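**Student:** Structure provided below as structure tokens; questions to follow.
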Amino acid sequence: MSRLPILRPEGNVPESARLGGEENNVPVMLSRLEDSIGFFERNLSNALGWARKNSIFQYPFVTACCGMEYMSAMAGRYDIARFGAEFPRFTPRQADLLMIVGTINIKQSPVLKRVYDQMCEPKWVMAFGVCASSGGFYDNYATLQGADRVIPVDVYVPGCPPRPEQVLDGLKILQDKIQAQRHRAATVERSPEIAQRDQQRKSFLGKLLGK
Amino acid sequence: MAQAFIELLREKLPDAVVSSHAEKGGDDVVTVKRERLVEAMAFLRNDPATDFKLLRQIAGVDLLTYQTESTGGASLAGREGPAYEPRKKSPVEPRFQVAYNLYSITKKKSLRVRVELRSEDLRVPTVTSLWRTADWWERYIFDMFGVQFEGHPNLQRLLMYPEFVGHPLRKDYPVRKRQPLVPELDFPDLVRGPGPGPGGAGVPMSQTHVGRQNVDPTTYD
């Protein structure tokens, strides 16, 4: 399914992404109940991922010249609508994807954090351009050295400014990430014995696979 | 270019003018005593012979590292002796300047009026009564250099946030010092600037900045 290795920096992933994901990849014998739950979870996650990745409503947090390139990526020639992200919402409450387009200075960082906090889950963040990714060449007293110092970032698109192709590529990487996210479907609680057994198997296999 | 206006100013206020010279780009510069600044500026603005109705810009200047960085030991224009004595580890006073770039629309001439300030007494009378635009320029100079403009109606920081401590365009402000407003994750990273964590609060500028080797870090960093 995924074209590229899934970007998963530990600690920067929303809570929903980590649930159940690795378990389903571990080849262990399952009971009938777990098997059916796993089947349901997998299909539900795939369906949710498909729906979410193809209808990304982005909130463009445009602060600098990268905004021109964002407009270019939005407009007819590059046409971000081809990937289902044609609908910018200018309120964070209706948006899925926070695009940080441009330099974030320290005076602005509380605003950025607030906008991020106002977004509903599930939410993703794209750092658009080097300034949002790392501060760029603004290594000075006023500039936040990368938006990920304040909020978690899923995709970094380098470039000063990035070409629209790079933006679209970043969007597709994000789509892969969204598609790969897994969600726990069942509310059935596993018995402590089974949970313990799963944990042992996972740790054993983890050692085996060197993870 | 604008020497005639400086001569007019000398005739009108002979005790206000300290010195005058032409800079490399052809700009004429006149240095004025701080106590007579408003008088001199009012004359330059209101007299029909000068008519400097437009205040283009006010600039702050910190000469702390001027000698080592740009003049290679030469003295400042219009002043005897070096601007900065490495052995003393302190700048030669007056360390700061405030420069007013004026333009006469009718005469099509520009003039720079300069005030020199000692670092222990950074006070300048405001010219907001003459030019409305001086309001934000003076707030800017106050923000970046800490110059106090006496009589200014609203002398607050213009660009930096109120929580900010210090004046970032002074040459002794640590280059990589950060003052974050929200808690930040720390990335111990060479490529990016340092975060707020240990070591990030201020790499001694004597290690990062050309021309700062002679400055005692305990004094200025």
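**Student:** How many angstrom lie between the Cα centre of segment B:144-177 and the Cα centre of segment A:66-94?
**Tutor:** 38 Å
**Student:** Take every residue in peptide B:176-184, count the Cβ atoms of other chains within 10 Å of its Cβ, and give the average of those counts.
**Tutor:** That works out to 6 on average.
**Student:** Using only Cα positions of segment A:54-180, each an equal point scatterer, no hydration layer, compute I(q)/I(0) via Debye at q = 0.12, 0.18, 0.20 Å⁻¹ and quote the log10 values to two decimals.
**Tutor:** Values returned for q = 0.12, 0.18, 0.20 Å⁻¹ are -0.38, -0.89, -1.11.
**Student:** Any idea what % of Cα-Cα pairs in segment B:121-162 are farther than 14 Å?
**Tutor:** I get 36 percent for the Cα pairs in segment B:121-162 exceeding 14 Å.
**Student:** Under 5 Å between amide H atoms, partner at least 5 residues away or on a different chain: which partners does residue B:54 have, H built in plane at 1.01 Å?
**Tutor:** When sequence neighbours closer than 5 places are left aside, the close amide H contacts are B:103, B:105.
**Student:** Same structure, new question: Taking H as built 1.01 Å from N, whose amide H comes closer than 5 Å to the amide H of residue A:143, not counting residues under 5 places away?
**Tutor:** Correct list: A:106.
**Student:** What pairs in A:53/A:113; B:24/B:108; A:107/B:53; B:107/B:171; B:108/B:171; A:53/A:107 have C-alpha atoms more than 27 Å from each other?
**Tutor:** Long pairs (Cα-Cα over 27 Å): A:107/B:53; B:107/B:171; B:108/B:171; A:53/A:107.
**Student:** Which whole number gives the average count of other chain Cβ atoms within 10 Å of the Cβ atoms across peptide A:112-119?
**Tutor:** Partner Cβ neighbours, averaged per residue: 1.
**Student:** Peptide A:137-145: average number of partner chain Cβ atoms within 10 Å per residue? Could you put the intermediate results ahead of the total?
**Tutor:** Details: counts 0, 1, 6, 6, 14, 7, 2, 7, 13.
Shielding by partners across A:137-145 averages 6.
Read-outs: derived from the displayed coordinates by stated rules, not from any lab. These numbers were taken from a predicted model, which means no experiment stands behind them. In this analysis, Cβ positions are derived from the backbone assuming ideal geometry, glycine residues included, and neighbour counts consider all displayed protein chains.
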